[in-house]
Amino acid sequence: MTALTTQPRPIVYLAGVFFFASALFSAPAQAEQPLEDGPPEHDFFFELDAGLSWIAPNSTQTAVGFNMGWGGRFGLSFYKDYLRGFVHVSQSMWLRSEYESDLTPGALNVALGIGTVLFRGGIRSSIAVGTSTLLYDELFDDAGSTGWFLEVRPAGLRWSFGNWAIVLDPLTFALMAPQPRRPMPLRRSEFATRLGLEVML
């Protein structure tokens with residue numbers, strides 16, 4: 001239980017400060033662009049990203065520092081990208097314990113989500129809900145155990161270059177519960193910083 005008190009909370013605060021500062025300076029620049037300079041309208045989009053994450057205090061596992069993961073999204077945009085619907089697939093790879101450097105396959109997350117893009121394409125946010133499946137054998141849980149998944153990306157930055165865009169989510173939150181049932185639930189909450197590339201099709 002003492003390990004839970006070693007969470008890198010200052011990193012969370014720094015990430016929040018970074019986001020608000022970035023949004024403050026990027027939003028006016030996006031708003032000043034004329035309408036004809038905005039990105040062309042598209043119906044489909046595809047995204048790949050990767051990032052580093054760290055465990056939140058309410059996880060059932062002990063703190064093991066930074067972990068990593070990758071993800072992808074494919075979906076449709078509506079109303080000039082003000083509304084998005086997408087399929088989310090991601091893998092969160094976990095360190096086995098705070099005393100080992102062995103990186104496990106972690107969990108595979110599949111979800112449906114909705115999102116929006118604002119400030120001429122400069123700021124985006126989304127939420128996704130679906131399933132989380134354990135990819136390796138834990139001490140009390142077998143590979144293939146499936147529970148639920150929730151991810152919130154409150155505000156990310158987006159820089160467009162024609163049909164391409166670089167996307168940065170300074171702070172996201174994900175809750176994975178591949179084995180939510182008692183008496184030994186496996187629940188993992190993560191904060192993460194993610195960087196990715198988006199293509200408009």
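Computed from the coordinates by the stated procedures, all read-outs in this text should not be read as laboratory data. Every value quoted in this text rests on a predicted model; they were computed, and no experiment measured them. Note that we place each Cβ from the backbone using ideal geometry, even for glycine, and neighbour counts take in every protein chain shown.
Quick look at the values:
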read-out: Sequence of Trp94, Trp164 once ranked by neighbouring C-beta atoms within 10 Å, starting from the fewest; value: Trp164, Trp94
read-out: Burial ordering of Met68, Met176, Met200, fewest other beta-carbon atoms within 10 Å first; value: Met68, Met200, Met176
read-out: Order of Ile114, Ile55, Ile123 - criterion: other Cβ atoms within 10 Å of each residue's Cβ, fewest first; value: Ile114, Ile123, Ile55
